[in-house]
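Below: one structure, written as C-alpha cells.
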Amino acid sequence: MGGIGACGCKDPPRGVDDLDMSETTPRGFNKVFGIGLSRTGTTSLDVAMWHLGLTSLHNPHPERSVAGDFAFMDEHDAASDISIAHAFVALDEA
C-alpha cells in the first residue's frame, strides 16, 4: 500500500516507465504537447519533461511552426509554449 507522496497524493506520480505501450510508437508514446500560453507554467512543464527523460523544446521555432514546418519535432519527444499552442492539432497529425 502506497504512502502519501510529496505531491499530497496517495501514490507517487507515474513516470514514463509506467506508460501503457500497447498502441504507441517504439518509444512507448507519441509526442507530448504543452499547449499553455506564456506565463502558464510551460517552462516548469519543460523542466519536468526533461526530468522524466523526454527531449523537450520550450517555445520552439515560432516562425517555423506558424509556417507549418514541424521538422524540428522529429528528434524531440515534447514541446511547449505559445508556438505549440496554436499548432498542436497539426503537430499531432504530422
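Scanning the range 74-90 for residues that are out of contact with any strand residue (DSSP E or B) (no Cβ under 6 Å at 6 or more places or on another chain), assigned to a helix (DSSP H, G or I) and crowded, with 17+ Cβ neighbours inside 10 Å yields Ile82, Ser83, Ala85.
Residues in the range 53-65 that are touching a residue at least 24 places away in the same chain (Cβ under 8 Å) and within 10 Å of the chain's Cα centre (by Cα): 2 in all. Scanning the range 30-41 for residues that are within 11 Å of Leu91 (Cβ to Cβ) and exposed (fewer than 14 other Cβ atoms within 10 Å of the Cβ) turns up just one, Asn30. Candidates are the residues of the range 42-51 that are crowded, with 17+ Cβ neighbours inside 10 Å and not charged (D, E, K, R); the one that is nearest to Ser83 (Cα to Cα) is Thr42. Across the range 66-84, the qualifying residues are those that are in contact (Cβ under 8 Å) with a residue 24 or more places away in the chain and either among the aliphatic types (A, V, I, L, M) or out of contact with any Ser or Thr (no Cβ under 7 Å at 6 or more places or on another chain) (or both), and the one among them that is nearest to Ala94 (Cα to Cα) is Phe70. Can you say whether Ser65 is of a type outside the set (Val, Ile, Thr), buried (at least 17 other Cβ atoms within 10 Å of the Cβ) and either at pLDDT below 90 or over 12 Å from Lys31 (Cα atoms) (or both), as far as the supplied structure shows? So Ser65 fits the description; yes.
Inspection of the range 20-35 identifies at least one residue that is modelled with pLDDT of 90 or more and assigned to a loop (DSSP other than H, G, I, E, B). The one condition from (1) touching a helix residue (DSSP H, G or I) at 6+ places or on another chain (Cβ under 7 Å); (2) over 20 Å from Ser38 (Cβ atoms); (3) not acidic (Asp, Glu) that Thr55 does not meet is (1).
The values are calculated or read from the model by the stated rules, or taken from the named source; none is laboratory data. Note that the structure is predicted; figures quoted are calculated from it, not measured. Cβ: placed from backbone, ideal geometry, glycine included. Neighbour counts: every protein chain shown.
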